[in-house]
Amino acid sequence: MHVKTGWTKGTIILASALLAPAALAHPHSFISLASTVMADKGQMTGLKMVWTMDEITSADLLYDAGDAKPDSPVWKKLAAEVMANVLGQHYFTEFWHNGEKVKFNNLPTEYSLKDVDHQAVLTFVLPLAHPQPLKGQTYTFSTFDPTYFVDMSYDKPTDARLSDELTAGCHIAVKTPQPTQDMQAFALSLDKADAPPEDMELGKQFAQQVTVQCQ
């Protein structure tokens, strides 16, 4: 496999759909997102993320797992490998507050990988480096592959949700962008051997933005 500048190891690990002969344009792989905003003692502490990979993307991971049971060391090793690549890309997530990026801890507090109906599902807790205030505050976050090699998106707005502690005082919404026709055409023009310029952040142009607003 020839890798051009702009492709990251994490992206390649997640993008097994390279093997699909029908994948002729970006994106080549699809991950369905679900996230829950976590809080403790009136402060936001992080996100619980569930990433469900499409069946083609899942194929290599599930093949490597074979018939291993869910609690097998095989699954733990695969989970660690996938998680290491996700960490290498800062969880593929940007989190913003008052125009500044919110930092994450370098390690998730928990993570796992499993097979659900022939799809690989990665679950992990993305912890904020420091708990953030909630009252009267607004936060936004997006999860995306900068190269747009992998499409990472919420299938429906309710897949981004609040933990029970936050439902009374906060509101959450998902905004889906509307890229220009030129941007869409450029993405479609990229074949399996192409990568957009790194500074373009093509995936960001297609990334859904989640807003959390608290009273």
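Among 53-60, 39-46, how do they line up by average Cβ neighbours within 10 Å per residue, starting with the highest? Walk me through the intermediate numbers first.
On the way: 53-60: 19.6, 39-46: 16.6.
Listed from highest to lowest mean packing, they are 53-60, 39-46.
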Report task. Starting with the highest mean, order 82-93, 98-109, 146-157, 124-135 by the number of other Cβ atoms within 10 Å, averaged over the residues of each peptide. Result -> 146-157, 82-93, 124-135, 98-109
Query raised in the report: What percent does the relative contact order of segment 68-120 come to when contacts are Cα pairs within less than 8 Å and at least six residues apart?
Result: 37
Query raised in the report: Relative contact order for segment 98-164: what is it in percent, counting Cα pairs under 8 Å that are at least 6 residues apart?
Result: 24
Requested in this report: Quick one: compute a quarter of the convex hull surface over the Cα atoms of segment 88-132 and quote it in nm².
Outcome: 4.1
**Report entry** Too-long pairs where the Cα-Cα distance tops 27 Å, listed order kept, from 76/101; 41/69; 48/69; 41/101; 48/156; 77/204
**Finding:** 76/101; 41/69; 77/204
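Only the coordinates and a few stated rules stand behind these numbers; no lab work does. Treat the numbers as computed from the prediction; the structure is a model and nothing was measured. In this analysis, Cβ positions are derived from the backbone assuming ideal geometry, glycine residues included, and neighbour counts consider all displayed protein chains.
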